[in-house]
Amino acid sequence: MSNPAHDLSRSGQSLWLDSITRAMVRGDGLARLVAECAVSGLTSNPTIFEQAIRGGRDYDAAIRAGAGRAPEQTFFDLALEDLQAAARVFLPVYQRTRGVDGWVSLEVSPLLADDAEATIAQALELHRRAALPNLFIKVPGTAAGVRAIEELIFHGVPINVTLLFSPQQYQAAAEAYLRGLERRLQAGLDVDVASVASVFISRWDVKVAAQVPADLRNRLGLAVAGEIYARYRALLDAPRLQRLMNSGARPQRLLWASTGTKDPQASDVLYVENLIAPLTVNTLPEATLRAFADHGRMHAPMAAQDAARETLLQRFTALGLAVEPLGAALQREGAAAFVKSWNALLEGIAQRQGAAA
């Protein structure tokens, strides 16, 4: 079987699924996406789990069995069970690629986004409980999260850095990863600890849609992505990373997130077609993944340097839409949205636990 999704995978970019349900991992849904759409990993977040649990009855029996436990404990039990099942599906990919692909991801509580110590403690516990070689713990790229990332990498916990929007936020997360590896090297520890840096794209265009002329609609997210990709390429070429790689480290891969098109008048594969780059990951909602497999087109890979991109960003700045302040606002809003989903998730679990009592 071959389709544009398989072509994209062969180009050197990994396609991960940004979705999970109990039915998907207990049936053959995930395995079919691996075969049909070249899926080689999976990401989750509080909103995805909140929708999965609220949207069906697949979790009811497990929630009833957890009556009397704190809703957060019950949630992590449910999530780990689903992700362990998904991790088994991807284990052959993980083994074949020697840990490059085949990952699943579980996020720490969004309530901890500004608490580095609590984030470290919860991430260590989730990593221990899961006992999976191919599980990323997701930690937000907030100021506190960056401190936690360095410490967790030093402790050997694979990390998916989430809620990154701007070039400066990406740079801070990448440097935290490097510091964690450098500490491991100095301590005589194995420096092969995997990580990805997840940069959110489509929310940029939603944020500014009402403030830009028609010719600038749906262009800011891709322009910012290009700036971040340039920094990624510079890090790959930097002696700092290369020294670590010479001791057995691997680069923290760049991951494109929030790549489903939000504007109904734009192409449903806009962000997939324009974010093609080897040694990166694109994590996609199932509808976007299937749309690309059906009618996506392979464009030229992203360029590390692009003068037109600089000119485009200057136009946004002239409108009062400077990248870094907007990125800070988007990170705050993204964290708040995950807290809202988290609270709704725990409230729904508590209600079902109460109904079972």
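The values are calculated or read from the model by the stated rules, or taken from the named source; none is laboratory data. Please read these numbers as outputs of a predicted model, since none were measured by experiment. We place every Cβ from the backbone using ideal geometry, glycine too, and count neighbours over all the protein chains shown. The accessibility values were calculated without ligands, DNA or RNA, using every heavy atom of the protein model including side chains. Shrake-Rupley method; radii C 1.70, N 1.55, O 1.52, S 1.80 Å.
Among the residues of the stretch 107-126, what is the count of those that are among the polar types (S, T, N, Q) and open to solvent by less than 10 Å² (accessible area, probe 1.4 Å)?
Selection size over the stretch 107-126: 2.
Return the residues of the stretch 231-269 that are closer than 20 Å to L164 by Cα and out of contact with any helix residue (DSSP H, G or I) (no Cβ under 8 Å at 6 or more places or on another chain); say none if nothing qualifies.
Listed by number, the residues that qualify are R233, A234, L236, R253, L255, A257.
How many residues does the stretch 147-185 hold that are open to solvent by 20 Å² or more (accessible area, probe 1.4 Å) and out of contact with any Ser or Thr (no Cβ under 6 Å at 6 or more places or on another chain)?
Total satisfying the criteria: 15.
Quick one: how many residues across the stretch 67-90 are under 19 Å from the mean Cα position of the chain (by Cα), under 17 Å from Q51 (Cα atoms) and either among the hydrophobic types (A, V, I, L, M, F, W, C) or outside any helix (DSSP H, G or I) (or both)?
So the answer is 4.
What residue, of F292, F338, is of a type in the set (F, W, Y), buried (at least 20 other Cβ atoms within 10 Å of the Cβ), farther than 29 Å from D114 by Cβ and touching a helix residue (DSSP H, G or I) at 6+ places or on another chain (Cβ under 9 Å)?
F292
I'd like the residue in the stretch 1-18 that is farther than 13 Å from L33 by Cα and in contact with a helix residue (DSSP H, G or I) (Cβ under 8 Å, 6 or more places away or on another chain) and, out of all such residues, is least open to solvent (accessible area, probe 1.4 Å).
L8
Condition check: hydrophobic (A, V, I, L, M, F, W, C) and under 30 Å from S2 (Cα atoms). Does A336 satisfy that?
no
What tally of residues in the stretch 197-219 results from selecting those that are surrounded by fewer than 24 Cβ atoms within 10 Å (Cβ to Cβ), part of a helix (DSSP H, G or I) and not acidic (D, E)?
So the answer is 10.
Only one of (1) within 24 Å of G145 (Cβ to Cβ); (2) surrounded by fewer than 17 Cβ atoms within 10 Å (Cβ to Cβ) is not met by E50, so which one is it?
Single failed check for E50: (2).
Here are R64, R129, R98: which of them is part of a helix (DSSP H, G or I), open to solvent by 60 Å² or more (accessible area, probe 1.4 Å) and at pLDDT 95 or above?
R129
Look at A287 and say whether it is out of contact with any helix residue (DSSP H, G or I) (no Cβ under 8 Å at 6 or more places or on another chain) and more than 11 Å from L8 (Cα to Cα).
yes
Kindly list the number of the only condition in (1) hydroxyl-bearing (S, T, Y); (2) in contact with a Leu (Cβ under 9 Å, 6 or more places away or on another chain); (3) in contact (Cβ under 8 Å) with a residue 40 or more places away in the chain that fails for S9.
(3)
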